[in-house]
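Since the structure comes first, as structure tokens, the remarks are kept for the end.
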Amino acid sequence: MKTRVVVIGAGVVGLSTAWYCARRGFDVRVLERHPAQRDGCSFGNAGLIVPSHFIPLAAPGMVGLALKWMWRPDSPFYIRPRWDPDLWSWAWRFWRAATRTRVERAAPVLRDLLLAGRRAFEELARTTGDELGLQKKGLLMLCTTDHGMEEEQKIAAHARQLGMPAEILDAQQVHRLNPGLRLQIVGGVFYPLDCHLKPERFMDTLQRMAGAAGASFLWQAEVREWVTRNRRIQAVRLQKGQTLEADAFVLCAGVWSARLARQLGLRLPLQAGKGYSLTLPDPVQRPQMGCICTEARVAVTPMNGTLRVGGTMELTGTDPTINPVRVRGIVRSFCRYFPDFQPEHFDRIQPWAGLRPCSPDGLPYLGRPAAWENLWIATGHAMLGLSLGPVSGQCIADDIAGSAPEPLSPLLAPDRYHQHSTP
Ligand SMILES: Cc1cc2nc3c(=O)[nH]c(=O)nc-3n(C[C@H](O)[C@H](O)[C@H](O)COP(=O)(O)OP(=O)(O)OC[C@H]3O[C@@H](n4cnc5c(N)ncnc54)[C@H](O)[C@@H]3O)c2cc1C
């Protein structure tokens, strides 16, 4: 009999898991609480596939920067102070993780995962005859200040040390890569391995591929509870009381995974990192490749004739409200780097918001927690969920099949905060 796999959540991680599991011949059922015509973090994101982002979010200097930015209403980072023990223990763990030693340990793990993630995208592009619209054009980290340039040069040196190509460019060299585009910068760093695509199109393709490989989808199916016996999960119970049995369960419910994990006695620290994007349908100019305005933490991606501009990281709980002050902050920052654009170009554009599932150490939770024999977890990808979605699905499918080429790093273990208070 085929192995029955239930995947909880149809974001990029859930769909990727469904595809790789279905391709292995498992009997896959995806449970998603929203209807098929849904939105969410995996749809309106910046579409960047970024092996260059091997330094986790929790890095030296980030805590100071976060504290400085917290008091500016239009800054790229914000924590709404509130009495929430989960938030404070998350912040404490973030602070503990933001050290040079921790980053030195995490960077090679993230690099390997990100490079495997890029290979997974290439393979998916080949499998679909490039239906994904994968653009292998690299990524430009743009700097408007000498200080910003110095910081990016240090990261580029670290990248090269880890075998990741990175080219330091002056303003003219950046212009040569983007003829006709006016930029107000002192220079930048080019990462040739990075790619981009339109995430909505990718999600459509992935869903269609998973379906064609045999996965079935249950929409408006919210998982409320687990049915367990000893160390095994027997079934999940949905909002209407229906239960679904399976041999293996994969929790890919984004930022909402923590609540379900807690029911199983698992501590999965997660905070929602809200971000916004705006898509100009007919921009006055377009860069050739994805760009990041480094000092402002704003991503700019050309997508099939349109231009998407995105940013901010707000830790304000799972409240999906759009804060217009922060959206204006993104637009103003973008216009500083791209001076042929004016804030008025965005007047009629409806901002989009998504909630990134953020772990405190900036690494995803990936694999099987020791306490449960047939539960796998894939979440906490924060700013890298698109880049790491396919490879996460691939790792989980391999692990369920018992044919993983090598064990996953313990730094990714989903129970790393369960066994020890500080891993
Ligand atoms: C502005 C912005 C820009 C970004 N840009 C990039 C980028 O350029 N590159 C990159 O790599 N990443 C980027 N990201 C991050 C990336 O979008 C996320 O990491 C990724 O989408 C997370 O995917 P997910 O599948 O884990 O979660 P989600 O997309 O949130 O999916 C989880 C799904 O689970 C469902 N669910 C929840 N609870 C239940 C339940 N109980 N039962 C059933 N279903 C449930 C939800 O409805 C949802 O559909 C960006 C994010 C933002 C906000």
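The values are calculated or read from the model by the stated rules, or taken from the named source; none is laboratory data. Since this is a predicted model, take the numbers as computed values, not measurements. As a convention, Cβ positions derive from the backbone with ideal geometry for all residues, glycine included, and neighbour counts pool all protein chains shown. Heavy atoms of the whole protein, side chains included, go into the accessibility calculation; ligands, DNA and RNA do not. Shrake-Rupley method; radii C 1.70, N 1.55, O 1.52, S 1.80 Å.
Observations on the structure shown:
- Residue selection: Arg4 fails the criterion of being closer than 30 Å to Lys136 by Cα, more than 13 Å from the ligand (Cβ to nearest atom) and open to solvent by 50 Å² or more (accessible area, probe 1.4 Å).
- Taken over the stretch 8-26, the criterion of being more than 12 Å from the ligand (Cβ to nearest atom), open to solvent by less than 20 Å² (accessible area, probe 1.4 Å) and either out of contact with any strand residue (DSSP E or B) (no Cβ under 9 Å at 6 or more places or on another chain) or within 30 Å of Gln350 (Cα to Cα) (or both) is satisfied by Tyr20 alone.
- Residues considered: Leu197, Leu140, Leu193, Leu183. Of these, the only one that is under 30 Å from Phe43 (Cβ atoms), in contact (Cβ under 8 Å) with a residue 40 or more places away in the chain and open to solvent by 20 Å² or more (accessible area, probe 1.4 Å) is Leu193.
- Sole residue being near the ligand (Cβ under 9 Å from one of its atoms) and either closer than 30 Å to Arg328 by Cβ or touching a Ser or Thr at 6+ places or on another chain (Cβ under 8 Å) (or both), chosen from Val50, Val63: Val50
- Only one entry of Pro281, Pro269, Pro287 meets the criterion of being open to solvent by 70 Å² or more (accessible area, probe 1.4 Å) and either modelled with pLDDT of 95 or more or within 15 Å of the ligand (Cβ to nearest atom) (or both), and that entry is Pro281.
- Within the stretch 200-222, if we keep just the residues that are open to solvent by 60 Å² or more (accessible area, probe 1.4 Å) and farther than 30 Å from Met141 by Cβ, the residue that is farthest from the chain's Cα centre (by Cα) turns out to be Ala212.
- Residue in the stretch 44-64 that is modelled with pLDDT of 85 or more, surrounded by fewer than 17 Cβ atoms within 10 Å (Cβ to Cβ) and among the hydroxyl-bearing types (Ser, Thr, Tyr) present: no
- Unique residue being away from the ligand (no atom under 16 Å from the Cβ), open to solvent by 10 Å² or more (accessible area, probe 1.4 Å) and in contact with a Pro (Cβ under 8 Å, 6 or more places away or on another chain) when the list is Trp83, Trp69, Trp95, Trp88: Trp69
- Yes/no for Arg29 being under 30 Å from Glu225 (Cβ atoms), more than 21 Å from the chain's Cα centre (by Cα), open to solvent by 20 Å² or more (accessible area, probe 1.4 Å) and within 13 Å of the ligand (Cβ to nearest atom): yes
- Single residue of Leu244, Leu278, Leu264 found to be touching a Pro at 6+ places or on another chain (Cβ under 7 Å) and not acidic (Asp, Glu): Leu278
- Filtered by the rule that a residue be near the ligand (Cβ under 10 Å from one of its atoms), in contact (Cβ under 8 Å) with a residue 60 or more places away in the chain and open to solvent by 30 Å² or more (accessible area, probe 1.4 Å), the stretch 240-264 gives a lone residue, Trp256.
- Pairing each residue of the stretch 314-331 that is over 20 Å from Leu67 (Cα atoms) with any residue that is open to solvent by 50 Å² or more (accessible area, probe 1.4 Å) and in a helix (DSSP H, G or I), provided the two are 6+ apart or on different chains, yields C-beta distances under 8 Å for Thr318/Trp256; Arg328/Pro343; Val331/Pro343.
- Restricting attention to the stretch 343-358, the residues that are near the ligand (Cβ under 7 Å from one of its atoms) and either within 10 Å of Leu278 (Cβ to Cβ) or of a type outside the set (A, V, I, L, M, F, W, C) (or both) total 3.
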